[in-house]
Every structure is written in C-alpha cells, then in structure tokens.
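Working notes for the structure below.
Read-outs throughout are calculated quantities, based only on the coordinates presented, and are distinct from any laboratory measurement. Just so it is clear, the structure is predicted and the values come from calculations on it, not from any experiment. Because the Cβ atoms are built from the backbone with ideal geometry, glycine has one as well, and the counts that use them run over all protein chains shown.
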Amino acid sequence: MPPCRRGASGYRGVRQRPNGWYYSDIRSGDVRLALGTFETAHEAARAYDAAAWRLGRPCPQMNFQDVYTLQQALDVAPPPRLITAQDRAEHVERQRRLLIAEEDERAMAEWRWRHPEDVTDEQAY
C-alpha cells in the first residue's frame with residue numbers, strides 16, 4: 001500500500017494558496033472535486049473529510065480519525081465561504097493597484113534606460 005501523501009499543509013487534499021488561504025479538493029476517479037477555499041488548513045481538512053465520507057472512502061484515508069459517521073463529518077465541516085459583492089470589489093481594487101504599480105515600474109525602468117546619466121548623478125548624490 002502506498003504511503004499517505006500529505007502536502008506542506010500537513011493534511012491530505014489541502015494546499016496553501018499564495019495569499020495564505022487554504023484550498024481543498026478531492027479526486028473521484030478522473031474527476032477533481034473542488035471543495036473551496038478556507039482560512040485555515042484545519043477547516044480545509046475537515047471539508048475534505050466530509051467529502052471523503054460522502055464518497056465512501058475508508059477511515060485511513062481521512063485526515064482526522066475522530067469522526068465515525070457521515071453526519072459527524074458534516075457537523076464538523078465548515079460551511080463553504082461565500083464570495084460577496086464586497087469581496088469582488090476589494091479584489092478588483094487590488095488588481096487595479098497592482099496594474100498601476102506594474103506600470104510605474106515599467107515607466108521607471110524605461111526612464112533609467114533612456115537617461116543613464118541621471119541615474120549616475122542620483123547614485124553619486
């Protein structure tokens with residue numbers, strides 16, 4: 001039997017996103033089922049276990065051994081995170097600021113390329 005594969009999060013089926021949140025998914029045959037994004041790895045692992053129970057996986061393939069029924073797994077699994085209009089607006093604003101910052105960096109790189117004497121004078125100052 002192959003060893004239990006757990007990611008850097010320490011849980012099966014849980015990966016950390018670059019923004020610090022945790023993403024959970026489970027495979028069923030050739031299909032990957034996305035379970036959502038959670039604030040903690042523990043919440044994502046609980047969601048994984050609830051899905052594993054629904055798919056009829058054996059207990060050794062679960063993250064937590066303290067759940068014995070599907071109802072218990074559903075009770076301890078966190079609800080999925082709902083994305084609100086405010087979340088979308090904040091995301092759009094962050095993307096806009098990122099584009100502005102990238103444009104500033106590009107403009108400064110072009111300025112340094114076109115005016116190397118100013119760069120030299122600034123470094124000497």
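Summing +1 for each Lys or Arg and -1 for each Asp or Glu, what net charge is found among the other residues whose Cβ lies under 13 Å from the Cβ of H115?
-3
Specify the residue with the greatest mean-square fluctuation among A85, A41, A50, computed from a Gaussian network of the chain linking alpha-carbon atoms under 10 Å apart.
Ranking A85, A41, A50 by mean-square fluctuation puts A85 first.
Can you tell which of W21, W111, W53 shows the greatest fluctuation in a Gaussian network model of the chain with Cα springs below 10 Å?
The residue with the greatest mean-square fluctuation here is W111.
Taking the Cα centre of region 14-76 as origin and charging only Cβ (+1 Lys, Arg; -1 Asp, Glu), how large is the dipole, in debye to the nearest 20?
Its charge dipole is roughly 220 debye.
Roughly how big is the chain's charge dipole about its Cα centre, with Cβ charges of +1 (Lys, Arg) and -1 (Asp, Glu), in debye to the nearest 20?
Once rounded to the nearest 20, the dipole reads 1020 debye.
In whole Å, what three semi-axes, largest first, describe the equivalent ellipsoid of the chain built from its Cα gyration tensor (square root of 5 times each eigenvalue)?
With the √(5λ) rule applied to the chain, the semi-axes are 47, 18, 12 Å.
Under 8 Å for C-alpha pairs, at least 6 residues apart: give me the relative contact order for the chain, rounded to a whole percent.
16
Cut-off is 10 Å between beta-carbons; in what order do E122, E43 appear when sorted fewest neighbours first?
Result, fewest neighbours first: E122, E43.
Just going by the charge dipole of the chain, with Lys and Arg at +1 and Asp and Glu at -1 on Cβ, which of A34, A107, Y23 is farthest out on the positive end?
The one lying farthest along the dipole's positive direction is A34.
Find the centroid of the Cα atoms in region 45-108 and in region 22-37, then give the distance between the two in whole Å.
First find each Cα centre; the distance between them is then 10 Å.
Can you tell me which of L33, L74, L98 moves the most in a GNM of the chain? Springs connect C-alpha atoms under 10 Å apart.
Ranking L33, L74, L98 by mean-square fluctuation puts L98 first.
Throw me the Rg/Rh for region 14-76, computed over C-alpha atoms with Kirkwood Rh, two decimals.
0.97
Any idea what the relative contact order of region 14-76 is, in percent, if you count C-alpha pairs under 8 Å spaced at least 6 apart?
25
For D30, D118, D66, D49, what ranking results if the residue with the fewest other Cβ atoms within 10 Å of its Cβ goes first?
D30, D66, D118, D49
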